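Asker: The following block contains the structure, expressed as structure tokens.
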Amino acid sequence: MKKSYYIDIYEAWCKRCGICVAFCPKEVLAKDERGYPRPANLGACTGCKWCELRCPDFAIAVLEEDHGQG
């Protein structure tokens, strides 16, 4: 089963620099009308965490979805 991910964006810390959008290799993120990053194609997320690692403000986190397996 393919893993799925959730992207948590903490707007209070985000300065809307766009680094996360620019570094996403699968173009999962896009800027919304206010300039904040938003998942535009979440199904394409591979969980690489490039957006999380590149964010200078620690405003984004990539979390693996829990499907109740275990």
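Asker: Would you call Asp66 modelled with pLDDT of 95 or more, exposed (fewer than 13 other Cβ atoms within 10 Å of the Cβ) and not small (Gly, Ala, Ser)?
Answerer: Values: modelled with pLDDT of 95 or more: no; exposed (fewer than 13 other Cβ atoms within 10 Å of the Cβ): yes; not small (Gly, Ala, Ser): yes.
Spelling it out, it is not the case that Asp66 is modelled with pLDDT of 95 or more, exposed (fewer than 13 other Cβ atoms within 10 Å of the Cβ) and not small (Gly, Ala, Ser).
Asker: Residues to consider are Glu65, Glu52; find the one that is in contact with a strand residue (DSSP E or B) (Cβ under 7 Å, 6 or more places away or on another chain), in contact (Cβ under 8 Å) with a residue 60 or more places away in the chain, at negative phi and among the acidic types (Asp, Glu).
Answerer: Of the residues listed, the single one that is in contact with a strand residue (DSSP E or B) (Cβ under 7 Å, 6 or more places away or on another chain), in contact (Cβ under 8 Å) with a residue 60 or more places away in the chain, at negative phi and among the acidic types (Asp, Glu) is Glu65.
Asker: Surrounded by 14 or more Cβ atoms within 10 Å (Cβ to Cβ), touching a Pro at 6+ places or on another chain (Cβ under 7 Å) and not in a helix (DSSP H, G or I) - does that describe any residue in the stretch 46-56?
Answerer: yes
Asker: Test of understanding: among Lys15, Lys2, Lys26, which residue is touching a helix residue (DSSP H, G or I) at 6+ places or on another chain (Cβ under 7 Å), part of a loop (DSSP other than H, G, I, E, B) and not polar (S, T, N, Q)?
Answerer: Lys26
Asker: Considering each of Asp8, Asp32 in turn, give the residue that is over 14 Å from Cys55 (Cα atoms) and either crowded, with 17+ Cβ neighbours inside 10 Å or modelled with pLDDT of 95 or more (or both). Steps first, answer last, please.
Answerer: Values: Asp8 fails: over 14 Å from Cys55 (Cα atoms).
Going through Asp8, Asp32 in turn, the sole match is Asp32.
Asker: Sticking with this one: Going by the conditions given, is Glu33 assigned to a loop (DSSP other than H, G, I, E, B) and within 11 Å of the chain's Cα centre (by Cα)?
Answerer: no
The values are calculated or read from the model by the stated rules, or taken from the named source; none is laboratory data. Keep in mind that what you see is a predicted model, and the values were worked out from it rather than measured. Every residue, glycine as well, gets a Cβ built from its backbone with ideal geometry; the counts of neighbours run over all protein chains shown.
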